[in-house]
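Working notes, beginning with the structure itself.
The values are calculated or read from the model by the stated rules, or taken from the named source; none is laboratory data. Computed from a predicted structure; not experimentally measured. Cβ placement follows ideal geometry from the backbone for every residue including glycine, while neighbour counts extend to all protein chains displayed. The area values use the complete protein model at the heavy-atom level, side chains included, leaving out ligands, DNA and RNA. Shrake-Rupley method; radii C 1.70, N 1.55, O 1.52, S 1.80 Å.
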Amino acid sequence: MTKLKVKTGNREELYNITSEVQSAVDRSGVSDGICHIFVPHTTAAVLIQEADDPAVGRDIATHLRRLFPRGDPYEHNDGNADAHMKATGVGNTATVFIEKGKLTLGTWQGIFFCEFDGPRAREVWVKVQG
Amino acid sequence: MTKLKVKTGNREELYNITSEVQSAVDRSGVSDGICHIFVPHTTAAVLIQEADDPAVGRDIATHLRRLFPRGDPYEHNDGNADAHMKATGVGNTATVFIEKGKLTLGTWQGIFFCEFDGPRAREVWVKVQG
Amino acid sequence: MTKLKVKTGNREELYNITSEVQSAVDRSGVSDGICHIFVPHTTAAVLIQEADDPAVGRDIATHLRRLFPRGDPYEHNDGNADAHMKATGVGNTATVFIEKGKLTLGTWQGIFFCEFDGPRAREVWVKVQG
């Protein structure tokens, strides 16, 4: 397993980590297989979505705020229950195929780390299967 | 990796692709393993849900429209930002176990391609691990 | 594949099944690999989320009820369409890395079976890859 570091700068923000994940695949030496991505946090997520227009990531954050307002009444009283809800909605794992040593993504896709309770020092775990 | 083709006929619709995925498993010759399904689009998704009553798929589309209205203000101005939101909510990967050469699904489950910005010619990528 | 049994006691409830999944990993004898978790039901889900404060699970159930009210008009008329929506939002698979024979989870994470239409006798399928 490779542990990538992500330093987030805002409470909510999406970070394109595709090239960092590709570097982990490069280091594995696997040319044909599966790349598993796992976020070990409960207020962050990983998402495969459009990488061309950063507005998509901002729209996702905006709409998740509308679905799970921070000011709603929550039993979990750490002040970040909304971030747990948002992370649940997006998910903490992703799976990407590897062919000829490269992550195979669709034309518009990138891999994004989704911060919902930053800024923080975060990790993304990557495991490559040959 | 096998690339399945899905020709969608409406803006939003769920298509049961279980038999096409099973055919990809058949061609792989794998009898015990894992079938990974990956949608290489950012306005479509894959979902394992009830295959018996097509009303479930229609309910899912209806409720996603209510959560992410097409007419909402979005920064992404291609007119399909709602479809990116819906795809994010459902997810673009699925994993199914294979036993004795067959996809092992629950009694009521099927594998669905979820179109949120059709009609289009789409792909579903399948990779089988032995 | 190992089939775990989960007996749920309420219509909606999250159950921490981390130790049962770890037992399946123990029985597999795999020390380095991937643990795949699959819920074969269409009104239940699996989620990796905070295991320290049970309030998080209750908040998730509460907010999913707000997003998908049971009393909404649904075409699927079994009285549990809301549960299908909730399961779709959370997802029916999870993937966890195994190192030195142990599931590698973040500090606060646990693996939860999410019941949305109980009480019922449920199954969770686990497959371990070395």
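Worth pointing out:
- With respect to the stated conditions, B:Ile17 is in contact with a Phe, Trp or Tyr (Cβ under 6 Å, 6 or more places away or on another chain) and farther than 21 Å from C:Leu64 by Cβ.
- Within the range A:1-42, considering residues that are touching a helix residue (DSSP H, G or I) at 6+ places or on another chain (Cβ under 7 Å) and more than 13 Å from A:Glu115 (Cα to Cα), the one most open to solvent (accessible area, probe 1.4 Å): A:Thr2
- The residues of the range A:28-55 that are within 7 Å of another protein chain (Cβ to nearest Cβ) and in a helix (DSSP H, G or I) amount to a single one, A:Ala55.
- Scan of the range A:98-130 for residues that are open to solvent by 20 Å² or more (accessible area, probe 1.4 Å), of a type in the set (Gly, Ala, Ser) and at the interface with chain B (Cβ under 9 Å from one of its Cβ atoms), ordered by number: none
- Exactly one residue out of C:Arg66, C:Arg58 is within 14 Å of chain B (Cβ to nearest Cβ), basic (Lys, Arg) and either closer than 30 Å to A:Gly130 by Cβ or surrounded by fewer than 24 Cβ atoms within 10 Å (Cβ to Cβ) (or both), and it is C:Arg66.
- Search result, residues across the range B:78-97 that are surrounded by fewer than 23 Cβ atoms within 10 Å (Cβ to Cβ), over 15 Å from A:His63 (Cα atoms) and more than 9 Å from chain C (Cβ to nearest Cβ): B:Asp78, B:Gly79
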